Amino acid sequence: MKNFIIKPFWVLLFVIFLIWERSAAGLNSLILPSIGESYQALTEIALTGILVESFIITLRRTLIAYGLAVIAGIILALLLNRFKLLQKTFRPLITIIQATPPVVWVSLAVVWFGVADDLTPIFLIFIVSMPVIFVNIFQGLEDMNTELVEMAQAYSTSKYRILKEIYFPSLLPALVSALSIAFAFAWKSSVFAEFIASSSGIGYQLSRANSMMATDRLFAWTIILILFMLFVEYYLLDKLKKHVSRWKNE
Amino acid sequence: MNKNQPILELENINKSFQELNVLKDLNLKINQGEICCLLGPSGSGKTTLFRIASGLEEADSGQIIKNNDPRFAYVFQSPRLLPWKSAEENLIFVQKNYGLESEKELRDLLFRLSGLEEFKTAYPHELSGGMQQRLELIRAFAVKPDLIFLDEPFKSLDMKTIINLRKLITLIQAETEITLFLITHDPEEALLLADRIYIMAAENYGIIKEIKVKLPREKRKISDSELYQQLENIMEIFSDLVSDLEDAGEAIKRIF
């Protein structure tokens, strides 16, 4: 988390907290709860066990759909790179999927699957994050250094080794960046789908807090969502990014 | 294999790109243990011939005869090193294809000869251009090849590095008798290094002259009268290829 713990950010955070606290003092807690009230709401949901339960439900859905999206995105990119006819046929379709607003997909999912606990969020996460993976990997394949592949072939390197030792490492930076962007999409879509059409998970809890006008809870859940995203981006993925770009001139 | 026996022969090679004829009924022979140079101006088909001879590209027609299944190695014009592998791992990468990855002694020797001893664990981006080219060169020797194809390996390097690399090549070649097939556009370089020089010209869709250099390599200096005469001959061939500009004087005077 080294990147994250830098002074300017903490200064900014302090300023935001200051403005928040100042504004909250002059406003009804229904409109803007104070930091203390939000913290209290956070401890409440943590103590009752709703926090862990909902978090695990949302995380599980996200990981399943995200995993499927990663696999599908990579396979699709490989196929469309290899076969030009497939590329001409399916490439515009990906753009169409990307151009369609998530709210349309959720509405359709509700029509198709009903208010299904798992299916609707999983469907939305998949449809939103798969194109992100696909586009990044596809571009990575297009930018592949064919001279290195030719060198390897000239030295009688097997197809398997070329795949493993040239294609894979040269795609790795694109893959990690795709994983990072797509995870942010997946996490947000998951909560969005749960908010609209599910009876469990963080999104559902947000929707409940919203309908009960429990703004402090709304804030508490939002803090959880942000903290988790920061952990993934600045801790997990940051390590991975450093590892894959260790040979790069930076 | 005996010296002076052909290791690679090209017979009646033809190659064209769309409508453009590049090589027409070309014949060429490279003997075991010699340094053979392909010399010619840009656009004379050197690289095309080189790629066909080395198997990187197919000819439209003609025959390529390899004797005793020689092992090929390559030195490309600009280094083709795997950026995610260290200098030594780049050597091991190609050695593995021939079961030579355990030959650490060979790698160590090549690193020592090329002055890259200290940089075995460095990634290519940490090396200068000249060092990368040296690594590219020793990678070719690391697979214990019978024939190395070198495509203008000294292009865009400084004079000191060039002399350094030429020395390295001739030193290893003299001891191992590995056959070298070298592309160059520099007549002096060809005369200093080669046993046999093929001169190419686009106008002929192939080779226009074959020159043999008999003087022992270690004694060669461009100032030597025999070598100088050969250089003059080559320059004459080249200037014959340049279109006649005698009538241009009038136009230059008028337009300027």
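Here, each number is a calculation from the coordinates, and none is a lab measurement. None of the values given here were measured: they were computed from a predicted structure. Glycine also receives a Cβ, built like all others from the backbone with ideal geometry; neighbour counts cover every protein chain displayed.
Overview of results
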| item | result |
| --- | --- |
| Mean-position separation - Cα centroids, segment A:139-177 and segment A:9-33, in angstrom | 51 |
| Alpha carbon centroid spacing (whole Å) that separates segment B:139-195 from segment B:74-103 | 18 |
| Positive-end extreme of charge dipole, segment A:1-102 - chosen from A:Ile71, A:Ala25, A:Leu47 (charges on Cβ) | A:Ile71 |
| For B:Met200, residues with placed amide H under 5 Å, excluding near neighbours | B:Leu39, B:Gly40, B:Ile208 |
| Farthest positive-ward along the protein assembly as shown dipole, Cα basis, beta-carbon charges - from A:Trp105, B:Leu8, B:Ala140 | A:Trp105 |
| Residue among A:Trp187, A:Ser158, A:Ser129 farthest towards the positive dipole end of segment A:34-244, charges placed on Cβ | A:Ser158 |
| Helical mean residue ellipticity (222 nm; -39500 (n - 2.57) per DSSP H run of 4+; nearest 500) of chain B | -11000 deg cm²/dmol |
| Chain A, helix-only ellipticity at 222 nm - DSSP H runs n ≥ 4, -39,500 (n - 2.57), divided by all residues, nearest 500 | -26000 deg cm²/dmol |
| Debye, to nearest 20: dipole size of segment A:82-220, +1 on Lys, Arg Cβ, -1 on Asp, Glu Cβ | 260 |
| Qualifying trypsin sites (Lys or Arg not before Pro) in segment B:1-33, DSSP loop, other Cβ atoms within 10 Å at most 11 | B:Lys3 |
| Amide proton proximity set for B:Leu182, modelled H, under 5 Å, gap of 5+ | B:Cys36, B:Cys37, B:Leu38, B:Leu150 |
| Net dipole in debye of chain B [+1 Lys, Arg Cβ; -1 Asp, Glu Cβ; about Cα centre; nearest 20] | 660 |
| In segment B:1-109, GluC sites (Glu not before Pro) in a DSSP loop with at most 16 other beta-carbon atoms within 10 Å | B:Glu19, B:Glu57, B:Glu58, B:Glu101 |
| Simple Cβ-charge dipole of the protein assembly as shown, Lys/Arg +1 and Asp/Glu -1, about Cα centre, in debye nearest 20 | 1300 |
| Burial order of peptide ranges A:126-139, A:221-234 (average beta-carbon count within 10 Å, highest first) | A:126-139, A:221-234 |
| Sparse-neighbour loop sites [chymotrypsin sites (Phe, Trp or Tyr not before Pro); segment A:1-91; at most 16 other C-beta within 10 Å; DSSP] | A:Phe4, A:Phe83 |
| The protein assembly as shown - Rg (one decimal) and Dmax (whole number), Cα, Å | 33.1, 102 |
| Centroid-to-centroid separation of segment A:39-101 and segment A:105-123 [C-alpha atoms, Å] | 14 |
| Antiparallel DSSP beta bridges within the protein assembly as shown, percent to nearest 5 | 50 |
| For segment A:34-244: rounded, prolate or oblate by the Cα gyration tensor [a/c cutoff 1.5] | prolate |
| Highest-fluctuation residue, B:Gln18, B:Gln230, B:Gln133 considered, GNM on chain B with Cα pairs under 10 Å | B:Gln18 |
